[in-house]
Amino acid sequence: MHTGCAWHAESADHLWGPTVFRVAGPPESQAFLAEQVWLPLLVEGGKRWGITIGYFSKLLSLPMALQSPDATAQPRHPFSWHSPAAIPIGDWRISPFYLSIEREVEAEFVAKLVIGLQLSASFDKEGSNLTVGASRTTGFWPHPDAVYLLEFCGTHPLALQFLVCDEKQNASIDRCLEEVFR
């Protein structure tokens, strides 16, 4: 039986054991994404404590910013990963031993899918949960005084569209609205 262990630190998730993951950003996607999948046992500690038996998938996302004059995204990807032996398989990578996913900022959208049993207690904004069977949960934490576009389909997570226009006070948001309604 394969087991995984995750330690959730302030700015990174450290994962030991077999983990399937992918990280995407512009121009491949319309948001900054990091997705991880575990089977069949995951034990968590740090900011979240818990145990999952079965299938567990977690997607973290940050929006592309529309505040620059040419409407391009931030130049650096806010999620970075390190794995000494990651094996690429299409869009995915398999890390058989260790994976670290570092976050420059906290995710503003999180989608989780559990099939099996999960019990977790959390000391962060994602909250605690108990799942027996199957559940899909999402969390969205927008900034105040910003305009967002968020389109998410659980069966096609890489098709996520997540845009934000965080204009300065008293500035026109016309360009942002044009992009959102386009």
Looking at this structure, is VAL105 without any contact (Cβ under 8 Å) to a residue 60 or more places away in the chain, touching a Pro at 6+ places or on another chain (Cβ under 6 Å) and not hydroxyl-bearing (Ser, Thr, Tyr)?
yes
So, ALA86, is that one surrounded by fewer than 13 Cβ atoms within 10 Å (Cβ to Cβ), under 23 Å from VAL20 (Cα atoms) and among the hydrophobic types (A, V, I, L, M, F, W, C) or not?
no
Which of the strands (runs of 3 or more DSSP E) found entirely inside region 98-182 contain at least 3 residues meeting this: at pLDDT below 90 and in contact with a helix residue (DSSP H, G or I) (Cβ under 7 Å, 6 or more places away or on another chain)?
none
Evaluate region 61-84: report whether one residue or more is outside any loop (DSSP other than H, G, I, E, B), touching a helix residue (DSSP H, G or I) at 6+ places or on another chain (Cβ under 9 Å), of a type outside the set (Asp, Glu) and modelled with pLDDT of 90 or more.
yes
Which one is farthest from the chain's Cα centre (by Cα), of the residues in region 87-102 that are in contact (Cβ under 8 Å) with a residue 24 or more places away in the chain and under 20 Å from PHE32 (Cβ atoms)?
SER95
Residues that are at pLDDT 90 or above and over 17 Å from HIS82 (Cβ atoms): find the strands (runs of 3 or more DSSP E) completely inside region 1-48 holding 1 or more of those.
32-38, 41-46
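The values are calculated or read from the model by the stated rules, or taken from the named source; none is laboratory data. Being a predicted model, the structure only gives us computed values, none of them experimental. Positions of Cβ are generated from backbone atoms using ideal geometry, with glycine treated the same way; all protein chains shown enter the neighbour counts.
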